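Here is the structure we will look at, set down as structure tokens.
The values are calculated or read from the model by the stated rules, or taken from the named source; none is laboratory data. Keep in mind it's a predicted model, so treat the numbers as computed, not measured. Cβ placement follows ideal geometry from the backbone for every residue including glycine, while neighbour counts extend to all protein chains displayed. Calculation scope for accessible area: heavy atoms of the full protein, side chains included, ligands and nucleic acids excluded. Shrake-Rupley method; radii C 1.70, N 1.55, O 1.52, S 1.80 Å.
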Amino acid sequence: MIGIKNGWRGMLERDTISMDLDTISGILPKGGTVLGTSRTNPYKKEEDVQKVVENFKQLELSALVAVGGEDTLGVAARLYKDFQLPIVGIPKTIDNDIAETDFSFGFDTAVNIAMECIDRLHTTAESHHRIMVVETMGRHAGWIATYAGLAGGADAILIPEKPIDIEEVCDLIMKRHGRGKNFSIVVVAEGAEFKEGTIVTQEGDVDEFGHVRLGGVGHVLARLIQEKTGYETRVTVLGHIQRGGSPTAFDRILGTRYGIRAVELIMEKKFGYVVCLRGNKIEEAPLEKILGKIKPVDEEIYRIAETFFG
Ligand code: F6P
């Protein structure tokens, strides 16, 4: 068994490492990836797609396990569709926005980190009587914001699925203050859009998958909240802190279960599938079913969180 370094870039450069027992020994408590990662999209250039197909043969791969989010798995789905390469996918992203699966691994760890940060921010919020705006990751879907916000007792949670109505947010905060609560925690996902259609980005450049770099919506929101309510407001952008450190037990177990099922699929010669979690069962779905799709936050969970707004 070999490991492909740095995602699809490794398939273009035939950059591999041996994945023997020594390589994987001790990786369970580690965050990130021992293989490295990249934002390389072989479908950007026709010749790169051909190179991947060629290298697949050169490396004499009998199967490839693609581990990643919508972009990585999207390439896997296309390679299977276009060339029937023997590929199996595993959903791994903190964003938890991959269709067909209840959870992707990495998400639970990110939620726990964000929740702990919200707990810590409560200290300043309460002592200094401030509004604390916490910005989480979440490009197209607000899973981390919703789960961490619900677990951390947020007073408002703003996500890409529901455009921000600033008047409504300020009303919630004012009402809360009206009943004697002189602090609030507002959680916002980086991809949340204002009702007027504004999305806050860091720079104009897009990556190979066409994504702009998000980040900064928390600052815009905090300025508006302070202006409109008159309450002192501060911002914390959690950024890559959410991706760091040791994975939770849930993620370690989920990643392990996914890995085992992926190997079983290969042994069964069942290619073109992505493993998934449904209820507490590990199953699989055709890769094409996740292509071009984003799994939005579950309405029911958001409604529960909403019960505690304001
Ligand atoms: O994996 C997706 C994601 O976590 C998004 O939520 C976020 O916008 C992006 O990654 C950040 O990527 P980068 O590390 O390239 O800044």
Packing-ranked peptide list from 213-221, 86-94, highest mean Cβ count within 10 angstrom first, is 86-94, 213-221
In the neighbourhood of Glu193 defined by beta carbon distances under 13 Å, the net charge of the other residues (Lys, Arg +1; Asp, Glu -1) is -1
Residue-ordered couplings for segment 250-259, obtained by feeding phi - 60° into the Karplus form 6.51 cos²θ - 1.76 cosθ + 1.60 and rounding to whole Hz (Gly and Pro as x), are 4, 5, 4, 6, 4, x, 5, 5, 4, x
Segment 1-81: Kirkwood hydrodynamic radius (Cα pairs, Å) comes out at 13.3
Taking the convex hull of the alpha-carbon atoms of segment 250-293 and averaging its shadow over every direction gives an area in square nanometres of 3.4
Any residue on another chain or 5+ positions along whose placed amide H is under 5 Å from the amide H of Thr233 is listed here as Ile131
Lys and Arg at +1, Asp and Glu at -1: neighbours of Pro163 with Cβ under 10 Å from its Cβ sum to -2
Residue-ordered couplings for segment 234-247, obtained by feeding phi - 60° into the Karplus form 6.51 cos²θ - 1.76 cosθ + 1.60 and rounding to whole Hz (Gly and Pro as x), are 10, 10, 10, 9, 6, x, 6, 3, 5, 9, x, x, 7, x
Whole-number value, in Å³ per residue, for the convex hull of the alpha carbons of segment 54-194 is 119
Given pairs Lys81/Lys295; Lys5/Lys57; Lys92/Lys228 and cut-off 29 Å on Cα-Cα distance, the over-length ones are Lys92/Lys228
Here the alpha-carbon Rg of segment 165-272 over 2.2 N^0.38 Å rounds to 1.60
A correct Karplus calculation of ³J(HN,Hα) over segment 102-108, with 6.51 cos²θ - 1.76 cosθ + 1.60, θ = phi - 60°, whole Hz and x for Gly and Pro, returns 5, 9, 9, 7, x, 4, 4
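In µm²/s, what is D for segment 35-126 at 10 °C and 1.306 mPa s, where D = kT/(6 pi eta Rh) by Stokes-Einstein and Rh is the Kirkwood radius from Cα pairs?
Roughly 103 µm²/s, to the nearest whole number.
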What the Cα atoms of segment 215-310 span along the principal axes, largest first and in whole Å, is 63, 30, 25
Amide H neighbours of Met19 at under 5 Å, excluding residues fewer than 5 places away on the same chain, with H built from the backbone geometry, are Ile2, Gly3
Beyond 25 Å, the calculated P(r) of the chain holds a percent of Cα-Cα pairs equal to 52
In nm, the gap between the two label points placed 7 Å beyond Cα toward Cβ at His240 and Glu47 is 3.1
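I need the peptides 73-85, 242-254, 154-166, 191-203 ranked by packing, meaning the mean over residues of other C-beta atoms within 10 angstrom, with the highest value on top. Spell out each step's value before the answer.
Details: 73-85: 19.8, 242-254: 16.7, 154-166: 21.8, 191-203: 15.1.
Packing proxy ranking, top to bottom: 154-166, 73-85, 242-254, 191-203.
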Given backbone amide H placed at 1.01 Å from N, residues whose amide H is under 5 Å from that of Leu214, ignoring those fewer than 5 places away on the same chain, are Gln202
Result for segment 204-310: accessible area per residue, probe 1.4 angstrom, in square angstrom, of 56
